[in-house]
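A short reminder: the numbers here are calculations on the coordinates, not readings from a lab. From a predicted model like this one, the values you see are computed outputs, not experimental measurements. Every residue, glycine as well, gets a Cβ built from its backbone with ideal geometry; the counts of neighbours run over all protein chains shown.
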Amino acid sequence: MEEESLLDEECFALESIFEDKFTRLHADRIRLVISPEGTEDNPAGSVPLYLEFQVPASYPEVVPQPDLANLNNAPYAPAVKEQAKAQLIAEAETQLGECMLYNLAEWAREQIPDWLEQSVVERSMPAAAPAAESQAAVKEESQFKGMSKAQKRRHFDKYGAADEKPRGWDWVDIVSHLSKGPKAEAAMA
């Protein structure tokens, strides 16, 4: 009972501080939208972090579980999200026994530029690009392997080089389809 009142008081304070960037999703789950302090030398300062906390029943004595799986956190690389989650838990463990959600939010606000920088570095590594290109080339080769030169030419004339089929290329003639259906059912009965 006392833990619920502490959480309610802290949620009230967070709502007054963060205004429309605070949402209480459930009785034990909150969401904060945290934007870093924007400066001229930090152009990525406008990318917010959607930070959700699952708050356990015995909250001040137990660490709230952070969740960064929100769809709006796409600019952050998955490895960086896992690292940020681990860092948030470690920071929360240092503050056990007291209300810590605001402190965690402010700590995360300070860390956002570093997390964005790590995400940019991780996403700029071209390790996965050649594998995707080679898979597309293998698929294209296997698709046309058994076709003659004339068949390939007709295929490209009909569908184009991108292999995009025109609308309705696989439609079934409705009249012939429906004429086959009831006769088969009547013969079985």
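A few points about this structure:
- Taking label points 7 Å from Cα along the Cα-to-Cβ direction, Ser179 and Asn72 give a separation of 5.8 nm.
- Distance in nm between pseudo-label sites at Ser35 and Ile17 (7 Å out along the Cβ direction from Cα): 1.8
- Pairwise FRET efficiency - Gln83 versus Leu6, Cβ, R0 = 35 Å, nearest 0.05: 0.75
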